[in-house]
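Below is one structure, written out as C-alpha cells; comments come after it.
Each reported figure results from applying straightforward, stated rules to the coordinates on display, with no laboratory input. Quantities reported herein were computed from a predicted structural model and do not represent experimental measurements. Cβ coordinates were reconstructed from backbone atoms using ideal geometry, including for glycine residues, and neighbour counts include every protein chain displayed.
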Amino acid sequence: MARDFYEVLGVPRGADDKAIRSAFRKLARQYHPDVNPGDEAAEERFEEISEAHAVLSNADTRAAYDRYGDRWRDAEHIEEMRKRGAGPFGAGGPFGFGGGGDARTFEFNLGDIGGDGSGGFGGIFDGLFGRGDAAPRAPRRGRDIDHPVEVTLQEAYDGTTRTIEIAEESAPCTVCGGSGSLAGATCHSCRGGGRAGTMRRIEVTIPPGIGSDQRVRVRGQGERSLHGGQPGDLFLIVTVNRHPRFERRNADLHIDVDVPVTVAALGGEVRVPTVKGRTLALTIPAGTRSGHTFRLAGQGMPRRDGGGFGDLHARALLQLPEHLGAEQLELIGRLRASEDGNPGTRTADEEASTPS
C-alpha cells in the first residue's frame with residue numbers, strides 16, 4: 001500500500017487548501033532536487049510530496065481519494081459499477097443472485113484483475129455489461145501540477161526563466177502491471193503509484209512583478225493524459241526571497257537611508273539605491289527629523305496587471321560622524337546651549353579670567 005497522502009504532507013484529513021499548500025511548500029523546499037543534488041532518497045521524497053499535493057490540492061481528485069484511498073484513480077469505474085448494481089458495488093447484478101437465503105456475492109481484489117492500469121475493469125466488465133456497444137467515454141484530462149519556484153527580488157523585478165524537472169507518470173508500471181503492489185507489498189519500481197515515472201525538463205518564464213504565493217500558469221505542461229485527453233496545466237508556486245535592504249509591500253518598496261546630521265540640519269542631498277541597481281539623488285530639506293519618509297514615485301516594483309510601477313519609500317535615519325574632533329564637540333556644545341536658552345558657553349581660560 002502507498003503511504004497516505006495526508007501523512008506524506010503531515011496534515012490532518014480535514015486540512016484546508018491553505019494548510020495543504022503551506023505544508024507542500026515547506027517540504028518541497030527541503031527535498032527539492034536542486035537543494036539535494038545526487039540524493040536519490042530526497043528525489044523520491046520530493047516526487048512523493050508532489051504527487052500527494054497534486055491530488056489533495058484538486059477538489060475532485062481529493063474527494064475521490066478521500067472516498068476510495070489508493071484506488072482514487074478508479075473512481076469513475078467504481079461509480080459506474082455502483083449504478084449498474086454490480087457485485088460488491090451493490091445488491092443484485094452479476095455478482096449477486098437477488099435476495100433470499102441462498103444469495104451469494106463473489107469477493108475479489110480489484111488490483112488482482114488485469115494489468116491495464118485502470119484497476120483491471122477493462123476486459124472483464126466489457127464482456128459482462130456489453131460496454132463494447134456503448135458510447136465511448138470522453139477522454140479524461142491530465143491532472144494539474146503545482147511546482148515551487150524561488151526567485152530573488154531582482155528577478156521578480158526584471159522577470160526571469162527557470163528550467164525545472166517534472167515527475168511524469170507516463171504508462172502503467174511494467175513491474176506490477178499497474179496494480180501498485182507485488183505479493184501484498186508496495187511495488188518497489190513505482191512506489192505504489194501503479195505507473196512508470198520519468199523526469200521531464202521544461203523552461204518556464206516568471207513574469208516581472210511576481211509576488212510570493214502567486215501562481216504562474218503554464219498551459220499544457222501538467223500531467224499527460226493516458227486516455228487520449230488533454231494534458232493538465234503546470235502551476236508555478238512562487239516565493240520571492242527577502243532582500244537585505246529593500247522591504248516589499250505589494251508593488252511598493254521601502255528602504256532606510258543614512259543621512260548625516262549636518263545634512264539633516266542644514267539641508268542637502270543623499271544618494272538612494274534602487275532595485276534597478278542605480279542610485280538617485282534625494283533632496284533633504286533643512287531641519288529633517290530622523291524617521292521622516294520620502295516617496296520616490298515610480299521607483300518600486302512593476303505591477304503584474306500592467307498598471308505601471310509602485311513607489312520607493314526612503315526613510316531618513318540621522319547619523320553622527322564616527323569620530324568627533326574637539327572643534328566639532330565644541331560646536332555641538334554651543335548648539336546644545338542655544339537649545340537650552342543659554343547664549344553660549346565659555347572655555348576654561350575665559351572662566352578663569354572673569355573677575356569675581
query: To the nearest Å, what is the center-to-center distance of the stretch 258-301 and the stretch 5-82, using C-alpha atoms only?
result: 49
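Given +1 on the Cβ of Lys and Arg, -1 on the Cβ of Asp and Glu, and no further charges, what dipole in debye does the stretch 250-325 carry about its Cα centre, rounded to the nearest 20? Don't jump to the answer; show the numbers that get you there.
Working: 8 positive and 7 negative charges, 44 e Å.
The dipole magnitude comes to about 200 debye.
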- line: The relative contact order of the stretch 244-349, taking Cα pairs under 8 Å that sit 6 or more residues apart, comes to a percentage of 27
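May I ask you to derive the FRET efficiency for Arg315 and Ser225 from their Cβ-Cβ distance with R0 = 51 Å, giving the value to the nearest 0.05? Intermediate values should be presented prior to the final figure.
Details: r = 54 Å, r/R0 = 1.05.
After rounding, the FRET efficiency stands at 0.40.
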field: Interchain or long-range residues, amide H under 5 Å from Gln319's placed H
entry: Val259, Val261
query: Quick one: if you stick a label point 7 Å off each Cα along the C-beta vector at Leu324 and Arg278, how many nm between them?
result: 3.9
